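Working notes, beginning with the structure itself.
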Amino acid sequence: MAVFTPLSDAQVVEFLKRFDVGTLVSLEGVAGGTENTTFFLTTDRRELVLTLFEQGEHEELPFFVDLLDYLAEHRLPVPGPVHDREGIALHSLAGKPSLLFPRLPGRHPMAPSLAQCRALGDALGRMHLVSQHFPGHRPNPRDLNWLSAMHHRVLVYLSPEDQALMKDEVEIYQDVFGNAPELPQGALHGDLFRDNTLFETDRLGGIIDFYNGCTGDLLFDLAIVINDWASGPDGRLDRERHDTLLSAYQARRPLTLAEREVWPTMLRMTALRYWLSRLLVVYVDPPAHDLTPHDPARFHTILAARLKHGALPLPEASNT
Ligand SMILES: Nc1ncnc2c1ncn2[C@@H]1O[C@H](COP(=O)(O)OP(=O)(O)OP(=O)(O)O)[C@@H](O)[C@H]1O
Ligand SMILES: N[C@@H](CCO)C(=O)O
């Protein structure tokens, strides 16, 4: 269930006239999405993706367009939005803000190979190198300020042990990050899970779904990635995936000493960020549509594993 706003062929034919992309051959609703309505479009010239924005902060859309334009100009594997003949990317269709993208090749890697981890680490390292110079600004909406403000809202749904865990953790993060020097800043993807990447075997076809994109600590992005890409079923880090991804990343952007020092805490904080956001979806603010929410327990497991076993040693930066 993901086509919240159906479109007729005639609507899309009319919409495409302002772009230089050819004429519509076929239109197919995409079942996988949860937040936006997505269609795959084939024209007589190319394969495209049409996204209608169903929710969220529409005033943020120009930031996402600018960020994707910037990353695509710097040859990162992202879908740079298609601009019309007048240079405009953001339009309205069926009353919803809409964007047209090139369709990138590949599938989501559910059990990533080491070659896929290497490719993702390399791409994220390259992205963070250039994103430090991105001129846009959108404070990270899921940072420590958000955690501090929002965790109170879910405590009532948790066991006494989990309430204590959540409260103690947030206090530790406030202490650690309140006393840490400023970490390297730049634009982040903000949600770089496996299902926001596309791979053709080991080749990274693209990174998609930048709608959590923001600016802030680059390390936050990297910690989200490691927790999703390199955690085993029991939440513990898989050393091979961890080292492969981080070595490839650091060949592009070595971590600073300050980043290395807060890394174990950042892994825990980003695990708690998803434990909390998923709890909020389940208990406080369920989606309007009939969708199965992501399981909060997965990130409780990851957080518990980081607490019990700590972080793995970070591989040293090298240029190989
Ligand atoms: N540029 C693209 N190239 C190829 N496939 C794409 C592209 N953009 C989106 N898709 C496909 O459409 C699906 C839904 O897109 P997207 O992730 O933007 O929507 P969403 O509603 O935010 O979904 P989700 O909650 O799964 O992230 C993706 O999982 C992917 O399969
Ligand atoms: N990637 C998020 C959902 C989209 O923000 C999660 O797994 O909870």
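Every read-out reported here was derived from the displayed coordinates using simple, explicitly stated rules and does not represent laboratory data. Since the structure is predicted, the reported quantities are computational estimates derived from the model, not experimental observations. Note that we place each Cβ from the backbone using ideal geometry, even for glycine, and neighbour counts take in every protein chain shown.
Below are the figures for this structure:
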{"quantity": "The chain: DSSP helices with Cα axial extent of at least 24 Å and average Kyte-Doolittle hydropathy no lower than -0.5", "calculated": "114-131, 257-279"}
{"quantity": "GNM top mover of Y157, Y274, Y70 - the chain, alpha-carbon springs below 10 Å", "calculated": "Y157"}
{"quantity": "Size of charge dipole - the range 24-135 - debye, nearest 20, with Cβ of Lys, Arg +1 and Asp, Glu -1, no other charges", "calculated": "520 debye"}
{"quantity": "The range 131-195: Rg to Rh, with Rh as the Kirkwood radius over Cα pairs", "calculated": "1.06"}
{"quantity": "GNM flexibility winner over the chain from L237, L27, L272 (Cα, springs under 10 Å)", "calculated": "L27"}
{"quantity": "Gain on full stretching of the segment that runs from S113 to H83 - 0.36 nm per residue minus C-alpha separation", "calculated": "7.3 nm"}
{"quantity": "Kirkwood Rh in Å, taken over the chain so that all alpha-carbon pairs contribute", "calculated": "20.7 Å"}
{"quantity": "Alpha-carbon spread of the range 45-105, three principal axes, descending order, Å", "calculated": "31, 26, 25"}
{"quantity": "Gain in span if fully extended, S92 to E59, counting 0.36 nm per residue against the direct Cα distance", "calculated": "10.6 nm"}
{"quantity": "The range 9-102: relative contact order as a whole-number percent, Cα under 8 Å and 6+ apart", "calculated": "24 percent"}
{"quantity": "Relative contact order %, the chain, counting alpha carbon pairs below 8 Å whose residues are six or more apart", "calculated": "17 percent"}
{"quantity": "Shape parameters for the range 212-261, alpha-carbon atoms, Rg then Dmax in Å", "calculated": "11.6, 31"}
{"quantity": "Residue with peak Gaussian network fluctuation, the chain [Cα springs, cutoff 10 Å], from Q163, Q11, Q174", "calculated": "Q11"}
{"quantity": "Tail fraction, Cα-Cα pairs, the range 4-103, threshold 23 Å, whole percent", "calculated": "20 percent"}
{"quantity": "Modelled FRET efficiency - R0 41 Å, S8 with V281, Cβ distances, 0.05 increments", "calculated": "0.80"}
